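Values quoted throughout were computed directly from the atomic coordinates according to the rules given, and no laboratory measurement underlies them. Keep in mind it's a predicted model, so treat the numbers as computed, not measured. When we count neighbours, we look across all protein chains shown, and the Cβ atoms used for this are built from the backbone with ideal geometry, even at glycine.
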Amino acid sequence: MKRRAFYLLALSITLGVGAAWVANRWVQTRLSPDVAQADTESVVIAALRVPYGTEIEPRHMKVVTMPAGTVPESAFRAAEDVKGMVAKQEVLAGEILVQDRFAEHLGGSTLAALIDPDYRAITLRVNDVVGVGGFLLPGNRVDVLSSRMVNKRAQTETILKDIKVLAVDQRADMGDNEPVVVRAVTLEVSPKESEILVGAREEGSIQLALRNPSAIDAPVRIVEEVKPKPAAQKPRPRRTYSPTVEIIRGTDVAKKKVTG
């Protein structure tokens with residue numbers, strides 16, 4: 001009995017040591033650099049809040065690892081890929097940095113990088129009334145109204161619709177979202193719209209109207225004016241003239257029609 005107990009004890013120890021060795025090998029394999037790198041991906045996230053129009057610096061970002069397959073395809077994988085670019089939208093701390101939300105900065109002011117390649121930036125001098133009481137912020141959309149005197153009467157019309165506000169004064173970020181009276185507003189317009197805007201500014205005064213971001217203008221319906229056709233005129237009766245002959249007899253003068 002003692003020998004049998006000894007054999008069982010030895011077998012238990014052997015099996016325990018073997019199980020511990022197998023478990024240790026499995027853990028070491030899972031923690032090896034090659035396996036860890038295969039199961040995770042590097043991605044760049046915002047280390048702090050990045051305001052709209054800010055040029056990205058090293059302090060704005062950090063690189064973390066995430067499980068493979070969970071990282072968006074357009075995400076930046078290395079900090080060098082996004083360094084020096086300009087934020088087209090506000091980015092919150094901890095957000096993954098994706099390519100669609102940044103623009104390449106090729107020089108000059110950061111505002112130039114935020115302008116669509118087919119558009120231009122035009123700055124208007126405004127006051128507290130024209131600037132919608134200071135409630136305009138970068139990223140808002142506005143309509144532009146033009147007023148001018150025509151025949152001694154004021155005529156006002158909407159000349160541009162759904163125009164993006166790029167900056168107010170020299171600020172391109174939304175700041176604390178509090179109303180601030182500004183002196184200048186920079187708008188993003190097409191080359192043709194810039195001509196209309198400058199012409200209207202020279203002819204009269206400009207007023208900005210703040211839009212709701214979700215507002216959609218109804219399609220403009222052009223109704224052709226149907227003019228009534230002129231009434232058919234009745235042909236005038238033709239007058240016929242018969243030649244006359246004067247007959248003078250002494251002091252008497254008489255006229256007589258000649259018939260054919």
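Amide H to amide H distances under 5 Å link Asn140 with Val165, where only residues 5 or more positions off or on other chains count and H is placed in the peptide plane.
Among the listed pairs Lys62/Lys164; Lys62/Lys161; Lys88/Lys192, give every one whose C-alpha distance is greater than 29 Å. From the list (Lys62/Lys164; Lys62/Lys161; Lys88/Lys192), the Cα-Cα distance tops 29 Å for Lys62/Lys164; Lys62/Lys161.
Take the Cα radius of gyration of the stretch 37-110 and divide it by 2.2 N^0.38 Å, N being the number of residues; the result is 1.08.
Take the Cβ atoms of Glu41 and Glu104, set R0 to 22 Å, and the FRET efficiency comes out at 0.40.
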